[in-house]
Amino acid sequence: MMKGNIVPLVLLGAVGATATYIGTPSYWQPSTAVFDQIPASSLALINPENGIYAGEQTTNLSSQLSSFLPIVPSLQARSVIVQGYVPTGYFNHSADCNIAGVCQTLTRIEAQIQAYYQQFPTLDGIFFDEVSPSVYNCSDFAPEYARLRTLAQSYGGAHALLTYNTASADLCAVAAANRNEMVVLFEDLASNYPPAGRSDLVAATNAARAAGVKSWHIVNTAPDLAVLLPSVAAYAPDYFYATNIGANWQAGDNTYGEPPTYWASEIAAFPPNDTTTTTTATATSSTTHASPSSTPTGTYSAARRRRAEEWGIVLVGMAVVWLVMT
């Protein structure tokens, strides 16, 4: 295991890539003290109870909701992009079927989105989980993402920032996303995130970049952050997160329920996006964000693109990652 101090990841691993920033799947208990650890100008999620409702109904909001209310403006005051978590049921919207991890009706998905924007009017957007089909068909992605996009924009406006968690390196998912939307292209074990050998992940991340779609890689069961940094440099996603916590929920793992043990080192390893501009204050969600159909001018990334252009094209596959000091 490498020992010593991790230094910031300052060179990128793919031609034309922008810098990588922290995106936190923060399914944390509602404590401003904990959420204040999320670095400025990064990305975070709020997830009161596998969504904003208690259980699988659409009548009673989560009992923890009131504790989350001060967290969103606190994060946004530090230019953190905040999205609300919505499960979508793996493209299964069968009538009256709202079973966690199996199916979600479009009615319940819409109710969740509506409730998020009612409770958090300045919310930056929605994080759609479970957006890969249980029975795979590439042609299903575009209409599914279009349905979810329409629902989100009905309440968050045309400028709502949307993330689709397909959790795999899927070119069909990338093609279904609009410019300036984001797709989670990796959510898996650290052992499946090597610095080389994942041509599918390289292809999907590069395809997203070329289309103006943002990419997010999420790695769990990672005991050593430093070992992952060459992979981050090689794939160069827009957002990244790693945790030492496992993904075996049957065994009691709460993968994203708290920060990783090396959280301070993870924050130090990735530079803050200090040129990001996010309007918060009292503006409504429909007037605070760059339109996904236009050239990005705010949150998800024109500033990073300009910075990357200033730095110039970098070496393919180059990984300058950690410094060993005792």
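The values are calculated or read from the model by the stated rules, or taken from the named source; none is laboratory data. This is a predicted model, so every value here is computed, not measured. With ideal geometry, Cβ positions are generated from the backbone for all residues, glycine too; neighbour counts draw on all protein chains shown. Remember, those area values only see protein heavy atoms, side chains included, never the ligands or the DNA or RNA. Shrake-Rupley method; radii C 1.70, N 1.55, O 1.52, S 1.80 Å.
Return the pairs, sorted by first residue and then second, in which the second residue is open to solvent by 40 Å² or more (accessible area, probe 1.4 Å), the first residue lies in the stretch 134-147 and is of a type in the set (Gly, Ala, Ser), the beta carbons are less than 8 Å apart, and the residues are 6+ apart or on different chains.
Ser134/Tyr90; Ser134/Asn92; Ala142/Ala175
Name the single residue, out of those in the stretch 188-215 being in contact with a helix residue (DSSP H, G or I) (Cβ under 8 Å, 6 or more places away or on another chain), part of a loop (DSSP other than H, G, I, E, B) and without any contact (Cβ under 8 Å) to a residue 60 or more places away in the chain, that is surrounded by the fewest Cβ atoms within 10 Å (Cβ to Cβ).
In this case the residue turns out to be Pro194.
Which pairs do you get when a residue that is on the phi < 0 side of the Ramachandran plot and without any contact (Cβ under 8 Å) to a residue 40 or more places away in the chain, found in the stretch 66-80, comes within reach of a residue that is assigned to a helix (DSSP H, G or I) and buried (at least 22 other Cβ atoms within 10 Å of the Cβ), reach meaning Cβ atoms under 6 angstrom, with the pair 6+ apart or on two chains?
Matching pairs, first to second residue: none at all.
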